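Beneath this line is the structure, given in structure tokens, with notes to follow.
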Amino acid sequence: MNEDPIREWILTEGKATHITGIRSVGGGCINRASRYDTDVGSFFVKTNRSIGPSMFEGEALGLNAMYETRSIRVPKPFKFGALPFGGSYIIMEYIEFGASRGNQAALGRKLAEMHKAGKSTKGFGFDVDNTIGSTPQINTWMSDWIEFYGVHRLGYQLKLAREQYGDSLIYEKGQRLVKSMAPLFDGVVIEPCLLHGDLWSGNISSDKNGEPVILDPACYYGHNEAEFGMSWCAGFGGSFYNAYFEVMPKQPGFEKRRDLYKLYHYLNHYNLFGSGYRSSAMSIIDDYLRMLKA
């Protein structure tokens, strides 16, 4: 294996003849991010020294699926693979960000266009498992959304909380909710839509023209409303939702399901960051158990 597969790709398939500079551009708490400047433009590169290529495979497939909808702007992924001394990398298009997070109405409209265009014939799930933060996200295909969300989203996180913290109370109450949540979907037609999957303010930006850009996905095909599960960290305003629902009309019972989709992310934050998020998750579960008389 070449000692530097990133450099090798940029100088061959990337069509560059020389790299003029490499600089760190920060990155999250999981990966290191760099900008590679060349004679044919810039590339954005993420590396992780401890995790194999499967994480970046999930990201590349998700970015590519969103890119193919030709709706909202996402960085085009070019290449992912293993680093020779352990770890992995992904190379993608470098997008120059604008000064603001962009226009809320444009974000809502473009996101709805992506949900409308990105459909699956395989049901709910994705071709590979991926990660939500650093938590595994299981995407095994299922034909029934309520079952998928109960097993692979809420059920997985509840099991994790029991294994990690010995939290049998949240597990038992959460499983009661999973078994009794079907009435929340009465009268709703649920089509598998391509979701970004982790849409919070840190993953939303805009390009130099002010057009919205979304990044760092945890993609799968699911109920479009699940996209708003991180809204407590996203700052979506009225203009965002109005523009979204003009393209993807609001379904009956939308308000009743909002917290159900937030619950997945509160449970994930509990599992990732500790007990500070437990009470938010538990109060959502308790409210639903009361509402559903379960």
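Filtering Tyr270, Tyr264, Tyr288, Tyr244 for residues that are hydroxyl-bearing (Ser, Thr, Tyr), over 25 Å from Lys46 (Cβ atoms), touching a Gly at 6+ places or on another chain (Cβ under 6 Å) and not assigned by the TED database to the domain that holds Thr69 leaves a single hit, Tyr244.
Looking at Leu61, Leu83, just one residue is at negative phi, open to solvent by less than 60 Å² (accessible area, probe 1.4 Å) and of a type in the set (A, V, I, L, M, F, W, C), and that residue is Leu83. Does Ser205 meet the test of being in contact with a Phe, Trp or Tyr (Cβ under 6 Å, 6 or more places away or on another chain), of a type in the set (S, T, N, Q), farther than 23 Å from Tyr288 by Cα and assigned by the TED database to the domain that holds Thr135? Against the criterion (in contact with a Phe, Trp or Tyr (Cβ under 6 Å, 6 or more places away or on another chain), of a type in the set (S, T, N, Q), farther than 23 Å from Tyr288 by Cα and assigned by the TED database to the domain that holds Thr135), Ser205 qualifies. So, Thr140, is that one without any contact (Cβ under 8 Å) to a residue 60 or more places away in the chain, surrounded by fewer than 20 Cβ atoms within 10 Å (Cβ to Cβ), among the β-branched types (Val, Ile, Thr) and in contact with a strand residue (DSSP E or B) (Cβ under 7 Å, 6 or more places away or on another chain) or not? Judged against the criteria, Thr140 is a match. Beta carbons closer than 6 Å, at least 6 apart along the sequence or on distinct chains, pair a first residue in the range 60-88 that is of a type in the set (Phe, Trp, Tyr) with a second that is in a loop (DSSP other than H, G, I, E, B) for Tyr67/Val74; Tyr67/Lys76; Phe80/Pro53.
Considering the range 178-218, the qualifying strands (runs of 3 or more DSSP E), each wholly inside and each with 2 or more residues that are under 28 Å from Ala99 (Cβ atoms), run over 204-206, 212-214. So which residues in the range 220-234 are touching a residue at least 40 places away in the same chain (Cβ under 8 Å) and either surrounded by fewer than 21 Cβ atoms within 10 Å (Cβ to Cβ) or not in a loop (DSSP other than H, G, I, E, B) (or both), if there are any at all? The answer is Tyr220, Tyr221, Gly222, Asn224, Ala226, Glu227. Out of the residues in the range 243-294 that are on the phi < 0 side of the Ramachandran plot and in a loop (DSSP other than H, G, I, E, B), which is surrounded by the most Cβ atoms within 10 Å (Cβ to Cβ)? Residue satisfying both the conditions and the ranking: Met248.
The values are calculated or read from the model by the stated rules, or taken from the named source; none is laboratory data. Predicted model, so just to flag it, every value in this text is computed and none were measured. All Cβ positions, glycine included, derive from the backbone under ideal geometry; neighbour counts span all protein chains shown. Side chains are part of the model used for accessible areas, which takes the heavy atoms of the whole protein and leaves out ligands, DNA and RNA. Shrake-Rupley method; radii C 1.70, N 1.55, O 1.52, S 1.80 Å.
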